[in-house]
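Below is one structure; the comments refer to it alone.
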Amino acid sequence: MKDFGELMKQAQDLQAKMQEAQEKIAALEVEGVAGGGMVKIVLNGKGYAKTVTIERSLLKEDEGEVLEDLIAAAINDAKSKLETRAAEEMKSLTAGLSLPPGMKLPF
């Protein structure tokens, strides 16, 4: 068994790395696109919409339903990309750790 002081140091290092990863994830920006680029939505790392860009041709009265579908699709695209990038960030954080098999962070 490892020395308790060494375990505490590893725990502190992990805590610092987790904080750094959380800050990096919060600073991320991802763009979700739908309709071949007709609708674009940028989400920040916390999943909040930062910008919405809609091609003007979709702002016609008879295009409302299509626009609604494209907005939802762009949000889902951005959310999926954000989750992927956040998972990659966490994976790089835990790359050097000797975690038991099956244990994932965050807990």
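The values are calculated or read from the model by the stated rules, or taken from the named source; none is laboratory data. On a predicted model such as this, the values are computed, not experimentally measured, just so you know. FYI the Cβ positions are ideal-geometry reconstructions off the backbone, even for glycines, and counts take in every protein chain you see. These area figures cover heavy atoms from the full protein model, side chains too; ligands, DNA and RNA do not enter into them. Shrake-Rupley method; radii C 1.70, N 1.55, O 1.52, S 1.80 Å.
Structure values in brief
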read-out: Amide H contacts under 5 Å for LEU28, placed H, 5+ residues apart; value: GLY45
read-out: Distance in nm between pseudo-label sites at LEU59 and VAL42 (7 Å out along the Cβ direction from Cα); value: 1.9 nm
read-out: Of LYS9/LYS50; LYS9/LYS46; LYS46/LYS91; LYS17/LYS81, pairs whose Cα-Cα distance is over 27 Å; value: LYS9/LYS50; LYS9/LYS46
read-out: Candidate aspartates and glutamates - alpha carbon under 14 Å from LYS24, same-chain residues fewer than 8 apart omitted; value: GLU83, GLU88, GLU89
read-out: Within the chain, helix-based [θ] at 222 nm, where runs of 4 or more DSSP H residues each add -39,500 (n - 2.57), nearest 500; value: -18500 deg cm²/dmol
read-out: Cα-based helix-to-principal-axis angle, 4-27 vs the chain, degrees rounded to 10; value: 10 degrees
read-out: LYS81 - accessible surface, heavy atoms, 1.4 Å probe, Å² rounded to 10; value: 80 Å²
read-out: Percent carbon-and-sulfur accessible area, region 57-98, ignoring ligands, DNA and RNA, probe 1.4 Å; value: 51 percent
read-out: Selected from LEU59, LEU70, LEU82 as most flexible by GNM, with the chain as the system and alpha-carbon contacts under 10 Å; value: LEU59
read-out: Accessible area in square angstrom per residue, the chain, 1.4 angstrom probe; value: 72 Å²
read-out: Magnitude of the charge dipole, the chain, Cβ model with Lys/Arg +1 and Asp/Glu -1, debye to 20; value: 520 debye
read-out: GNM result for the chain, Cα springs below 10 Å: residue of VAL39, VAL30, VAL66 fluctuating most strongly; value: VAL66
read-out: Listed residue (GLY36, ILE54, ALA87) projecting farthest to the positive dipole end of the chain, Cβ model; value: ALA87
